[in-house]
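Please read the structure below before turning to the comments.
Throughout, read-outs are computed from the coordinates displayed, never taken from laboratory work. Because the structure is predicted, anything quoted here is derived from the model rather than measured. Cβ atoms come from the backbone with ideal geometry, glycine included; neighbour counts cover every protein chain shown.
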Amino acid sequence: MRNIIFFVALLLAVLVVGQQNQVLAKSDQSVFDQVMNSGVLRCGYYVFPPATYRDPNTKELSGFSIDLMNEIGKRSGLKIEWSEETNFSNWIPSLQAGRFDVACTPNWPDIPQLRAVAFSTSMFYAGLSPMVRADDSRFSGKDLKVFNDEAVTFATPDGDAIGGIVAAKFPKAKIKYLSADGDISSFAMDVITKKSDAFISDRNGLYEFNKNNPIKLKLFAPDQPLKLQAFSLAVEAHQVEMKNFLDNAIAELQHDGTMDRLLRKWESEPGKTYLRVSSPAQLPSN
């Protein structure tokens, strides 16, 4: 009887150790290996047109990011799983915690975030300019120096690189930091209600706000952008293999015209809302 008990105890110990080793082996795998072994790529995403739309009735997702990742999934034999909705303040902690594999909606890379995440190669760009009330007579013409004034207040996201851009370009202006949890609406409303004078946005932000609001905004000197802002996907900082996979996938979609086709399908002004990445090669002239 004692031998039987010993044997059963030994067998249980072996099973427990085996399970622990499987867990350790899985945790030691890179995100790339986990994705390729499971055949599933888990996406974190935010809802903001045209990157992502969510149907209010069916909750179905659509938009540029959905089409983009589904195309990558189809070509690589991966199932794309839209695992978690995030916002601009919590997506990095969620990515670091392993709640999803890739931040699959376009993000604005900035240097402070590189401590925590690695960004893919740029998918496309947008020019960032001051956004002001359309009826604000102080901001006419094209001279950006009008913003470098102590009487001007910029609404900017707390903890975002935009504050640094404003401080560098317009050192005399005041900066008012707002929560980065939502979309541009909070910054736009701060300007609309005259609590601030300007915030930094792009052509898509202008379109999305103006189409649903009676009080209009305008971009000041959009042909002189303060920054050409890249839009990228993101992974946890150490996941180099996953970043390489995304870099090469994005390059292929750019080179065969898929990226431009998807942008034209979803952007508010086809061919104008976003700036394309230039081709790395030129055809010979005859």
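Please compute, over every Cα-Cα pair in the chain, the percentage with a separation greater than 35 angstrom. Of all Cα-Cα pairs in the chain, 30 percent lie more than 35 Å apart.
For the pair SER76 and LEU283, the difference between a 0.36 nm per residue extended length and the Cα-Cα distance amounts to 71.7 nm.
Stretched out fully, how many nm does the piece from ALA151 to ASP55 gain, at 0.36 nm a residue minus the Cα gap?
Working it through step by step, the gained length comes to 30.3 nm.
For the peptides 140-150, 154-164, the ranking by mean Cβ contacts within 10 Å, running from highest to lowest, is 154-164, 140-150.
Can you put TYR177, TYR274, TYR46 in order of Cβ neighbours within 10 angstrom, beginning with the fewest?
TYR177, TYR46, TYR274
Taking Cα centre as origin and charging only the Cβ of basic (Lys, Arg, +1) and acidic (Asp, Glu, -1) residues, the dipole magnitude of the chain rounds to 320 debye. Considering only beta bridges that DSSP places wholly inside the stretch 127-228, some 55 percent are antiparallel. Spin-label model, ASP158/GLN96: points 7 Å from Cα along the beta carbon direction are separated by 1.7 nm. The phi-based Karplus calculation (6.51 cos²θ - 1.76 cosθ + 1.60; θ = phi - 60°) puts the 3J(HN,Hα) values of the stretch 56-73 at x, 9, 8, 6, 5, 8, 8, x, 4, 5, 5, 5, 4, 5, 5, 5, 4, x Hz, whole numbers, x for Gly and Pro. Could you pull out every one of the lysines with an alpha carbon less than 30 Å from that of LYS265, ignoring same-chain neighbours closer than 8 positions? Filter leaves LYS59, LYS74, LYS79, LYS211, LYS216, LYS218, LYS227, LYS243. Sorting 254-265, 33-44 by average packing, meaning the other beta carbons within 10 Å per residue, from highest down gives 33-44, 254-265.
Length gain on complete extension for the stretch LYS142 to ALA251, per 0.36 nm per residue less the alpha carbon to alpha carbon distance?
Here the answer is 35.7 nm.
Sorted fewest first by neighbouring Cβ atoms within 10 angstrom, ARG75, ARG99 come out as ARG75, ARG99.
Close amide-amide hydrogen proximity is noted between ASP149 and LYS172, ALA173, each under 5 Å apart and 5 or more residues distant or on a separate chain (H modeled in the peptide plane; Pro and chain starts excluded).
Relative contact order of the stretch 65-118, please, whole-number percent, based on alpha carbon pairs below 8 angstrom and at least 6 residues apart. Display every interim value, and only then the final one.
Working: 22 pairs, mean separation 17.1, N = 54.
Rounded, it is 32 percent for the stretch 65-118.
If R0 equals 30 Å, the separation of the Cβ atoms of ASP135 and LYS272 corresponds to a calculated FRET efficiency of about 0.80. Just so you know, the Cα atoms of the stretch 87-129 work out to an Rg and Dmax of 11.2, 35 Å. Our helix-only sum for the chain, with -39,500 (n - 2.57) per DSSP H run of n ≥ 4 divided by its residues, gives a mean residue ellipticity at 222 nm of -11000 deg cm²/dmol.
For the stretch 127-228, what relative contact order do you get, as a whole percent, if you take Cα pairs closer than 8 Å and at least 6 residues apart?
46 percent
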